[in-house]
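A quick write-up on the structure given underneath.
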Amino acid sequence: MKILKTTAVFVAGGMPLYTYVPRKARNLEARLRATSENLCKLVTLTGMTKSGKTVLAGRIFPKETAVWVDGGTVSAEDDLWNSILVSLDGFTDVTKAQSKHTTSTFGGEFEGSAGLPLFAHAQAKISTERTQGRDGEVPPVFWTGG
């Protein structure tokens, strides 16, 4: 007889290898497996606490290949859909941004010369420029909340 560690027998939150009890008399595994043939079904398992509901479902629908939603985290319809989207690496929010800008430029030149006492020459140039615009849309940012 092989001696096993208790951690190998009682796998908290995991799939038991040595203590799983198939429900052959009630044909539960086959009935649950048959639901996978109809992709429009939502499967709900009910029963007394610690009766093996999660282990049964995990055996037929491993978390790697199915979407699991913990009922304790759902208090509104949005919670359900957000949980499903997160499981499928979907997005729940889309953010778009635009920005406005204004640019003002002021410049000038001054030129002058002086000669004999009655002759003086001065010239000035002043320029201003103002531009306004709107930058294009920034691509959407997708959040995958969690």
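Each reported figure results from applying straightforward, stated rules to the coordinates on display, with no laboratory input. Not measured: the values here are computed from a predicted model.
Using a cut-off of 24 Å between Cα atoms, the listed pairs Lys2/Lys24; Lys24/Lys50; Lys2/Lys50 include Lys2/Lys24; Lys2/Lys50 as exceeding that distance.
Listed by chain and number, the lysines placed with their C-alpha closer than 19 angstrom to that of Lys41 are Lys53, Lys63; residues fewer than eight positions away on the same chain are left out.
Compared with the alpha-carbon gap, the fully stretched path from Met48 to Tyr20 is longer by 8.4 nm at 0.36 nm per residue.
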